[in-house]
Amino acid sequence: MRNEIMSLIVESGMDEDCYTEMLDYTIELFETQGLGSDYYGYHNITHELEVTYVSLLSANLNSTSKKFSDNDLKYLYTAALFHDFDPQKSVDKPHEDNVLKFISMDKKLRKLLDVANLDLEIIKVLILRTTYPWSGQLKENAERQIKECFKNSELTKNNEAKQEHFMNLGWYLSVADRISGYAVGDFTKAMEMAKMNAHALAWRPSLIVRSSVAYFEELLNKETEMCQFILKSLPKHMRKNFYDTVLSFMNIRQQEISIQANYTYENLKLVPTIEKIDTRRDPEFIKSIYSIFLELPKPLQFAKDNFENSVKDQNIILNTLRLNDCKGEIIGFTKGGPLENYRLRPEIRDENYGLNNTIFLEPLALKMGYWGLKGGSEMRHMFIMQAHAKKYKYLTSFALRDVIKSRADKEGAEFVTKFDPERWDYYRVKI
């Protein structure tokens, strides 16, 4: 992506060294702050570069209609590069105030802006206009700050036409921000992005598809003019990526609703099943649950390299969730074993590690569409009963922070280690 942005920089007439330095400085900042490509959250360096790429690409392809001046391209490029940089984030979604504080205080960036002869106040305006959602208190706060920025800038002070122009430029960046990741890749990439967003924002899995559909409907219905303007300017394959993704999420949402309706009308039953070791050695069985395992967000795919052997291991507890009866289609499973079998995050210091008294429950795995129907909860309770039969004293696992809090009273769950921004924490219960 860096090389493609470099080509667009040249095409946009930004051949001064300061623009290349900005690009490399952005990449360095994200990587050193733990927000590089390995960060499993939506707002990482990949997102930042994709927004920059799509913003410049669309603007360049629209240049024949004189929609963007050379100066516009420079402001768009710089604002896109830094629009989500929030190194102190407590949640994945960047806080615009923190972003503005950084770009105002960072000496190296200020020097690069001076060399490029760019007004910091205008860059702030463009970043503030990417506030999402652009409604309610968030919009009011952003508009109040934008008004101050316009007042502080020699370019826009007492110039309503200029202010309107830069607000439209910010609107363009805002919509490009939301389109970009879904235009540069296929549906597989889009679904991974949705999982990253859900994991980093501590959403329940049942919200992934529902929220994605709402997101696209809002984009297409409330931002129609700008959305169409950007999409029409992009290459055909990128437009196809975007619309294929929208249609795919909508189709999956229809399937979810159908499943939920059938469950409500008792046309299907979810049956937790203890699997015999002979079944667990069947290659087709392993293949079927592995495909469900791969639907989990990557940070929740424990012991991936040893998956087949762990399924066959008699010391591992494994239950499935089947449709209608214990021979029906597998739609989910729970799996876990001795805590000592697992390599967990280095921040975790479990006092029971090495005492062989704790079983670790891997994150529940369910097919898309079956979350929220209580099948996971039933599998988990069955797992705890088996762990008790095997004389384990404690169970540990990961769960959303609010879920652990709700289990504190019911089950005596306690936090062992909390993680931000994910709020996907490590906890313990006494069996």
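Matching residues to (1) under 20 Å from Glu308 (Cβ atoms); (2) modelled with pLDDT of 95 or more; (3) of a type in the set (Phe, Trp, Tyr):
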{"site": "Lys335", "(1), (2), (3)": "yes, yes, no"}
{"site": "Pro346", "(1), (2), (3)": "no, no, no"}
{"site": "Phe360", "(1), (2), (3)": "yes, yes, yes"}
{"site": "Met385", "(1), (2), (3)": "no, yes, no"}
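Could you look through region 146-202, keep only residues that are assigned to a helix (DSSP H, G or I), among the acidic types (Asp, Glu) and surrounded by fewer than 19 Cβ atoms within 10 Å (Cβ to Cβ), and pick out the one that is nearest to the chain's Cα centre (by Cα)?
Within region 146-202, the subset assigned to a helix (DSSP H, G or I) is 146-152, 160-183, 187-200.
After this cut, where a residue has to be among the acidic types (Asp, Glu) as well, the list is 148, 160, 164, 177, 192.
Checking the rest, the ones that are also surrounded by fewer than 19 Cβ atoms within 10 Å (Cβ to Cβ) come to 148, 160, 164, 192.
On the way: Glu148: 32, Glu160: 38, Glu164: 32, Glu192: 8 Å.
The qualifying residue nearest to the chain's Cα centre (by Cα) is Glu192.
Just one of Asn221, Asn262, Asn267, Asn241 is in a helix (DSSP H, G or I) and farther than 25 Å from Leu173 by Cα; which is it? If you could, list the steps in order and put the result at the bottom.
On the way: Asn221 fails: farther than 25 Å from Leu173 by Cα; Asn267 fails: in a helix (DSSP H, G or I); Asn241 fails: farther than 25 Å from Leu173 by Cα.
Going through Asn221, Asn262, Asn267, Asn241 in turn, the sole match is Asn262.
Here Lys232 meets the list (1) closer than 18 Å to Val175 by Cβ; (2) surrounded by 14 or more Cβ atoms within 10 Å (Cβ to Cβ) almost entirely, failing just condition (2). Looking only at residues in region 320-337 that are among the polar types (S, T, N, Q) and buried (at least 22 other Cβ atoms within 10 Å of the Cβ), the one that is nearest to Asp278 (Cα to Cα) is Thr320.
What number of residues within region 252-281 satisfy the criterion of being acidic (Asp, Glu) and exposed (fewer than 13 other Cβ atoms within 10 Å of the Cβ)? Before the answer, list the steps.
Residues of region 252-281 that are acidic (Asp, Glu), as a first pass: 256, 266, 275, 278.
From the residues that got through so far, the ones that are exposed (fewer than 13 other Cβ atoms within 10 Å of the Cβ) too are 266, 278.
Qualifying residue count for the region: 2.
Could you run through region 212-229 and say how many residues are under 22 Å from Gln255 (Cβ atoms), surrounded by 16 or more Cβ atoms within 10 Å (Cβ to Cβ) and of a type outside the set (A, V, I, L, M)? Count: 3. Does any residue of region 62-69 turn out to be at pLDDT 70 or above and open to solvent by less than 10 Å² (accessible area, probe 1.4 Å)? The answer is no; no qualifying residue exists.
Within the option set Tyr370, Tyr392, being closer than 27 Å to Thr417 by Cβ and hydroxyl-bearing (Ser, Thr, Tyr) holds for one residue only, Tyr392.
Restricting attention to region 300-310, does a residue exist that is in contact (Cβ under 8 Å) with a residue 12 or more places away in the chain, polar (S, T, N, Q) and in a strand (DSSP E or B)? Within region 300-310, not a single residue is in contact (Cβ under 8 Å) with a residue 12 or more places away in the chain, polar (S, T, N, Q) and in a strand (DSSP E or B). Looking across region 169-187, the residues that are within 19 Å of Ser69 (Cβ to Cβ), in contact (Cβ under 8 Å) with a residue 60 or more places away in the chain and either of a type in the set (A, V, I, L, M, F, W, C) or touching a Pro at 6+ places or on another chain (Cβ under 6 Å) (or both) come down to Leu169, Leu173, Ala176.
Hey, could you check region 13-39 for residues that are modelled with pLDDT under 85 and of a type in the set (S, T, N, Q) and say which is surrounded by the fewest Cβ atoms within 10 Å (Cβ to Cβ)? It comes out as Thr32.
The values are calculated or read from the model by the stated rules, or taken from the named source; none is laboratory data. Since the structure is predicted, the reported quantities are computational estimates derived from the model, not experimental observations. Positions of Cβ are backbone-derived with ideal geometry, glycine not excepted, and every protein chain shown enters the neighbour counts. These accessible areas exclude ligands, DNA and RNA; they are computed on the full protein's heavy atoms, side chains included. Shrake-Rupley method; radii C 1.70, N 1.55, O 1.52, S 1.80 Å.
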